[in-house]
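The values are calculated or read from the model by the stated rules, or taken from the named source; none is laboratory data. Just so it is clear, the model here is predicted, and its values are computed rather than measured. No Cβ is skipped: glycine too gets one built from the backbone with ideal geometry, and neighbour counts run over all protein chains shown. Accessible surface areas use protein heavy atoms only, side chains included; no ligands, DNA or RNA. Shrake-Rupley method; radii C 1.70, N 1.55, O 1.52, S 1.80 Å.
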Amino acid sequence: MDSDPRGTESEQSVKVDLTVNGKDITADVEDRMLLVHFLRDVADLTATNVGCHTTSCGACTVLLDGESVKSCTVLAAQASGHEVTTVEGLASDGVMHPVQQAFHEQHGLQCGFCTPGMVMAIVSLLKENPHPTEEQVRTGLEGNLCRCTGYHNIVRAALAAAETSGVSA
């Protein structure tokens, strides 16, 4: 970091080029900007939530090159040159993604704060394991917390989505 004349440290900026939900986004941002803040503040995609900043809650889960990551611990600069998919990028032509549809049909949410991260984690899980057992779904969601439900309907939603063919991000 450079020192400014007042004796305080100034931030370095870095150019970040990302493809977010199929759209190319280029911006100069602080070198310490987290991906979650890039998505919310630069890309104006606010479904990805900031929960804990410690990877404990999973509310910020997105797909980075198709892999589930917690965007509160990834720098935007680290994601530069890569593809990010958020929950806003799942629906196609006004049709919900099978996991989104399953959440709707199985009542897999209450307050909705954790829902985007849960949906993205399940999309990633089903990509790796298209036909998981209930136990495998519960294990796959261990890094995502919901403070409103007992996870029963979330697990049901994951299993229902697994029954739908063609689940992909």
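When restricted to residues that are open to solvent by 30 Å² or more (accessible area, probe 1.4 Å), without any contact (Cβ under 8 Å) to a residue 60 or more places away in the chain and not β-branched (Val, Ile, Thr), the range 93-107 contains 8. If you go through the range 3-51 and keep only what is among the acidic types (Asp, Glu) and at pLDDT 95 or above, you end up with ASP17, ASP24, ASP28, GLU30, ASP31, ASP41, ASP44. For the range 34-57, the set of residues classified as within 24 Å of SER92 (Cα to Cα), in contact (Cβ under 8 Å) with a residue 12 or more places away in the chain, assigned to a loop (DSSP other than H, G, I, E, B) and out of contact with any Phe, Trp or Tyr (no Cβ under 9 Å at 6 or more places or on another chain) consists of ALA43, LEU45, ALA47, THR48, listed by residue number.
Residues considered: GLN78, GLN110, GLN136. Of these, the only one that is within 24 Å of LEU35 (Cα to Cα), without any contact (Cβ under 8 Å) to a residue 60 or more places away in the chain and open to solvent by 40 Å² or more (accessible area, probe 1.4 Å) is GLN78.
Within the set VAL137, VAL167, the sole residue that is at pLDDT below 95, of a type outside the set (Gly, Ala, Ser) and closer than 23 Å to SER71 by Cβ turns out to be VAL167. Residues that are of a type in the set (S, T, N, Q) and either touching a strand residue (DSSP E or B) at 6+ places or on another chain (Cβ under 6 Å) or in a loop (DSSP other than H, G, I, E, B) (or both) are absent from the range 114-123.
Among the residues that make up the range 99-109, is at least one of them among the aromatic types (Phe, Trp, Tyr) and within 14 Å of the chain's Cα centre (by Cα)? No, because not a single residue in the range 99-109 is among the aromatic types (Phe, Trp, Tyr) and within 14 Å of the chain's Cα centre (by Cα). Scanning the range 113-133 for residues that are closer than 22 Å to THR46 by Cα and open to solvent by 80 Å² or more (accessible area, probe 1.4 Å) yields a single hit, PHE113.
Within the range 107-149, the set of residues being closer than 14 Å to ALA161 by Cα and of a type in the set (Gly, Ala, Ser) comprises GLY108, ALA121, SER124. If you filter the range 52-66 down to residues that are modelled with pLDDT under 95 and open to solvent by 70 Å² or more (accessible area, probe 1.4 Å), you find that the one that is farthest from GLY22 (Cα to Cα) is THR54. Starting from residues that are hydrophobic (A, V, I, L, M, F, W, C) and closer than 24 Å to CYS148 by Cβ, keep the ones in the range 81-91 and report whichever is most open to solvent (accessible area, probe 1.4 Å). The residue in question is ALA91.
For SER71, the conditions (1) open to solvent by 20 Å² or more (accessible area, probe 1.4 Å); (2) polar (S, T, N, Q); (3) at pLDDT 95 or above are fulfilled apart from (1). Do you know which of the residues in the range 11-33 that are assigned to a strand (DSSP E or B), within 13 Å of VAL84 (Cβ to Cβ) and of a type outside the set (A, V, I, L, M, F, W, C) is least open to solvent (accessible area, probe 1.4 Å)? Applying the filter and picking the extreme gives THR19.
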